[in-house]
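Single-structure report; data block below.
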Amino acid sequence: MTPSDPPRQARLWEIVFPDHTNHLGTLFGGQALAWMDKAAFVAATRYAKRTTVVTARSEQVDFHVPVRQGQLVELVARVVDVGRSSMRVEVELNTEDPQAATRHLCTRGHFTMIALDSNGRPAPVEPFREVAPMGSSES
């Protein structure tokens, strides 16, 4: 990856407030999906170098651990594949309890984002270049 390559990753932080929870006091699944979609949007927007990006698809998302009110949520979104105008973005939602000093992967999902031109039609994005593993001699 060179300095001119578009960024592939975005990190967002949220805190779970009472209005984000369900009747059990845990993060409402719809809220988690909205945050994940927002993280995918930010990563795709940065990669495509345009703000007109829309969600075309979200794949199955399985929740592994509950996220409780007051916990911090870190969302890490990475562009993992690119088509002509589409970007596949993997998003991880991690929960962190600052009092207990614990951190867990709550869920992971994939979102397909589409770059659009000023007329609302799919717009091309830069081809995806593989990143050489750390320590390799390739640039």
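The values are calculated or read from the model by the stated rules, or taken from the named source; none is laboratory data. None of these values were measured; they are calculated from a predicted model. Ideal geometry is used to build each Cβ from the backbone, glycine not excepted, and the neighbour counts take in all protein chains shown.
Restricting attention to the stretch 81-102 and to residues that are part of a strand (DSSP E or B) and surrounded by fewer than 14 Cβ atoms within 10 Å (Cβ to Cβ), the residue that is modelled with the highest pLDDT turns out to be D81.
Residues checked against (1) without any contact (Cβ under 8 Å) to a residue 40 or more places away in the chain; (2) of a type in the set (F, W, Y):
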position: R8; (1), (2): no, no
position: P18; (1), (2): no, no
position: H23; (1), (2): yes, no
position: F28; (1), (2): yes, yes
position: A32; (1), (2): no, no
position: A43; (1), (2): no, no
position: V53; (1), (2): no, no
position: Q60; (1), (2): no, no
position: P66; (1), (2): no, no
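Do you know which of the residues in the stretch 10-30 that are under 16 Å from V76 (Cα atoms) and surrounded by fewer than 22 Cβ atoms within 10 Å (Cβ to Cβ) is farthest from the chain's Cα centre (by Cα)? Here the residue is I15. A77 falls short on exactly one of the conditions (1) of a type outside the set (D, E); (2) free of Cβ contacts under 8 Å to residues at least 60 places away in the same chain; (3) crowded, with 18+ Cβ neighbours inside 10 Å; (4) not in a helix (DSSP H, G or I), and that condition is (2). Determine whether H64 is of a type outside the set (A, V, I, L, M), more than 20 Å from P18 (Cα to Cα), in contact with a Cys (Cβ under 7 Å, 6 or more places away or on another chain) and loosely packed, with under 15 Cβ neighbours inside 10 Å. Answer is yes for this residue.
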